[in-house]
């Protein structure tokens, strides 16, 4: 059962990373100054070897993506999805799930 959940999270991470190019970190080169608490920066998450996507770090980042995602299906911009999250931030993100301030636009779909 754990292997099945882990495989699902790894697959989810790949799917979300591919579809979430909307992030300003990916869009703008995503420098996070190495302060994300992990060894892979958000801007580099799509550049990893295939075996990385089953690693604990990849699963942690996939969990972060799900935490940041609002119930409406979108995310806020300018989020370092790879940052290690303290317990208080996880609690806060769970409380914010119902907010409607998210989007799925990466600046390429809608131009002002």
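The values are calculated or read from the model by the stated rules, or taken from the named source; none is laboratory data. In this text the structure is predicted, and so the values were computed from the model without any measurement. Cβ sites come from the backbone with ideal geometry, for glycine too, and all protein chains shown count toward neighbours.
Quick rundown of the values:
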item: Counted residues, the range 78-101 - those being more than 14 Å from residue 65 (Cα to Cα) and in a loop (DSSP other than H, G, I, E, B); result: 4
item: Of residues in the range 29-45 being surrounded by fewer than 14 Cβ atoms within 10 Å (Cβ to Cβ) and on the phi < 0 side of the Ramachandran plot, the one modelled with the lowest pLDDT; result: 31
item: Residue, modelled with the lowest pLDDT, within the range 56-76, restricted to residues that are part of a loop (DSSP other than H, G, I, E, B) and surrounded by fewer than 17 Cβ atoms within 10 Å (Cβ to Cβ); result: 76
item: Boolean, residue 11 is modelled with pLDDT under 80 and exposed (fewer than 15 other Cβ atoms within 10 Å of the Cβ); result: yes
